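Scroll down for the structure; my scribbles are underneath it.
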């Protein structure tokens, strides 16, 4: 359901906290119906950017619109049409599930409120536990409740700030299924995450590091744009090989994944030479492998923003 | 969706939430009920003090040498500050009813003549006994002063006890001088000051500490809606305390309610509103619940010390009285003592109520200005 209409459109957005630039002149466009992954290490400015988009923080520079409203001047109109799920569970633990949803229903003036709340409970599968205190829910349920609360008023844009931190894989899978269902109904989603598998479930990703966007595009685009090459080594004493490789020319990363040692470098020729020299006589074999998103992210994190901002289409 | 600047639904959302949270917080709820009863019992004892320079009016129908001598003696003594010498009786009564005078000394017609004839003329002393501690020292001193004034003039038959004069004492408003009658209205104010400021002081800081403020700010709720939603329930809780205190006061200390209940409730409403708004202002300034609590106690201390609750207002030095004027409790105490003990109605207590209303308006402006619309 992706069409051309930009839902988020920001230019040169900047935020400083006591003189320190946390978000540095970033541009970003998110179109209607897209699920865009917002990635980057801790403290890179993801949360700050999301907060500026929904009017919780005032930008120090740049301009932007969200749902066609100016983010600096019309935040009250943006808030009416945006669902925002905070990183921390920010509903009331001393209110029951139903009371929390009632609270949200009243805030958005949903009428008839009981119908909205019942529908949300039903969709959540929590009708039977609606009188349980929210604080007694497990992490996965809390996060589903928070999601239900943030979409109850049928927003046009959903902002999710690391929604699945500390949630088990099954709950995460279900959560993402729900996100795709919502996107299928036309909801636009901007989601920040640390998880590679989640990044891969997004239509597009934006990678931010030290307040600057350093990569963007679809997953294959970002991988291709990184210019990284990967060799997979199997057999031999992988820990020793990995240690030796890290001192060699042209090797950026050497990481063990189970029985495979992933060796990553930018120059395929130097990479191959270094690998061949290191594994000679160890009994290990090497073959060309596929560079994965995680390799690209490790590289981006190590570079700390030095990588070029490329990745296909302008976003 | 259409955007409304003022939404009853959004205010109700916050109000309903606050009430539920309070109801579930058993400890705080027990405090709302328990603190008033505990304090009533503890403070049932008097805090005795000896204030000076009490405003006194003299209704002198006779102005002979003994009268002049007596007035001079009263003036020089520390206890009395003679505000007016030439008033008629109705004026004097009005002054004491409004709390502008603490004593009326009435010297009857033919006082000097009767004194010389040895007919033991009466001097009537009426004292505002709503605060017995404040007036008892003055009453004791007066007997001695009259004796000396007569002795100095060498008149009268000079009996050892009365000095030829019969001193008639009228303790107005609280005839038995029961301290509890003064303390209870005072406690009503102090308890409300402490609990309502503290509860609302925690209202916003708790949301900040728990991280729920981020969610609340991301919703369309406006600052004034959040403020009203958080303040109104605590006004309700305040009235719950008023009920507890008034019932306990009637049962334990038999404190009368002379004036109209409606006047008492109206004054109390304005007072509680001022306090919860102040608490809310604290909570917009404080970074966490700890700070909000410290600010509450920082405010509470001068409130009980300078308002006339702990020490009689008239016993304080001028600068302390000036400070006391900006404290809501000061005005509330005057109004409530007047209503409960003097039987004053709404009209009589207007002079004490308008300062409260001004304080409330000022605090509201500050609270709204202080509220952060963003997380910056």
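Using the count of nearby Cβ atoms within 10 Å as a rough guide to exposure, how do B:262, B:115, B:257 rank from fewest to most?
Numbers: B:262 11, B:115 23, B:257 15.
Ordered from fewest to most neighbouring Cβ atoms within 10 Å, B:262, B:115, B:257 come out as B:262, B:257, B:115.
With labels modelled as points extended 7 Å from the Cα through the Cβ direction, what inter-label distance (nm, one decimal) is found for residue B:3 paired with residue B:350?
It works out to 4.3 nm between the two label points.
Among B:217, B:290, rank each residue by its count of other Cβ atoms within 10 Å, from fewest to most, as a rough exposure measure.
Going from sparsest to densest Cβ surroundings: B:290, B:217.
By how many degrees, 0 to 90 and rounded to 10, does the Cα axis of helix A:97-107 deviate from the longest principal axis of chain A?
70
Which of A:83, A:281, A:12 moves most in a GNM of chain A, Cα contacts under 10 Å?
Comparing A:83, A:281, A:12 in the GNM, the peak value goes to A:281.
Please list the equivalent ellipsoid semi-axes of segment A:94-143, computed as the square roots of five times the alpha-carbon gyration tensor eigenvalues, in descending order and whole angstrom.
In descending order, the three semi-axes are 18, 12, 9 Å.
Any idea what angle helix B:223-248 forms with the longest principal axis of chain B, computed on alpha-carbon atoms, 0 to 90 degrees, nearest 10?
40
On alpha-carbon atoms, Rg over Rh for segment B:54-172 using Kirkwood Rh?
0.95
Counting alpha carbon pairs within less than 8 Å and at least 6 residues apart, what relative contact order, in whole percent, applies to chain B?
20
Could you check the spin-label model distance between residue B:361 and residue B:224? Points 7 Å from the Cα along Cα→Cβ, value in nm.
Between residue B:361 and residue B:224, the label points sit 1.5 nm apart.
From the P(r) of segment A:229-290, can you give the percent of Cα pairs sitting at distances over 19 Å?
Of the Cα pairs, 12 percent sit more than 19 Å apart.
Which value, to two decimals, describes the C-alpha radius of gyration of segment B:188-279 once divided by 2.2 N^0.38 Å?
Working it through for segment B:188-279, the quotient is 1.31.
Exposure proxy check: B:172, B:188 ranked by fewest other beta carbons within 10 Å?
So the ranking, lowest neighbour count to highest, is B:172, B:188.
Taking the simple approach of a point 7 Å from Cα along Cα-to-Cβ for both residue B:89 and residue A:21, what is their distance in nm?
8.7
For a distance above 23 Å, tell me the whole-number percent of Cα pairs in segment B:290-376 that qualify. Don't skip to the end; give the middle numbers.
Values: 1306 of 3741 pairs.
Everything past 23 Å amounts to 35 percent.
Tell me, what is the percent relative contact order of segment A:229-290, built from C-alpha pairs under 8 Å that lie six or more residues apart?
That works out to 47 percent.
Pairs of Cα atoms under 8 Å, at least six residues apart: use those to get the relative contact order of segment A:51-118, whole percent.
20
Using only alpha carbons, build the gyration tensor for chain B and give me the equivalent ellipsoid semi-axes, biggest first, whole Å.
Numbers: eigenvalues 529, 66, 55 Å².
Semi-axis lengths for chain B are 51, 18, 17 Å.
Take every Cα-Cα pair in segment A:6-222 and report what % of them are more than 24 Å apart. Write down the numbers at each step before the final one.
Details: 9688 of 23436 pairs.
Everything past 24 Å amounts to 41 percent.
What whole-number volume per residue, in cubic angstrom, does the convex hull of the C-alpha atoms of the protein assembly as shown give? Walk me through the numbers on the way to the answer.
Values: hull volume 135.7 nm³, N = 691.
Given the Cα convex hull of the protein assembly as shown, per-residue volume reads 196 Å³.
Quick check: the angle from helix A:268-279's long axis to the longest principal axis of chain A, C-alpha only, nearest 10 degrees?
With both axes taken from Cα atoms, the answer is about 70 degrees.
Rule-based calculations on the coordinates, nothing more; no lab input. Keep in mind that what you see is a predicted model, and the values were worked out from it rather than measured. Quick reminder, even Gly has a Cβ in these numbers, built from the backbone with ideal geometry, and neighbours come from all protein chains shown.
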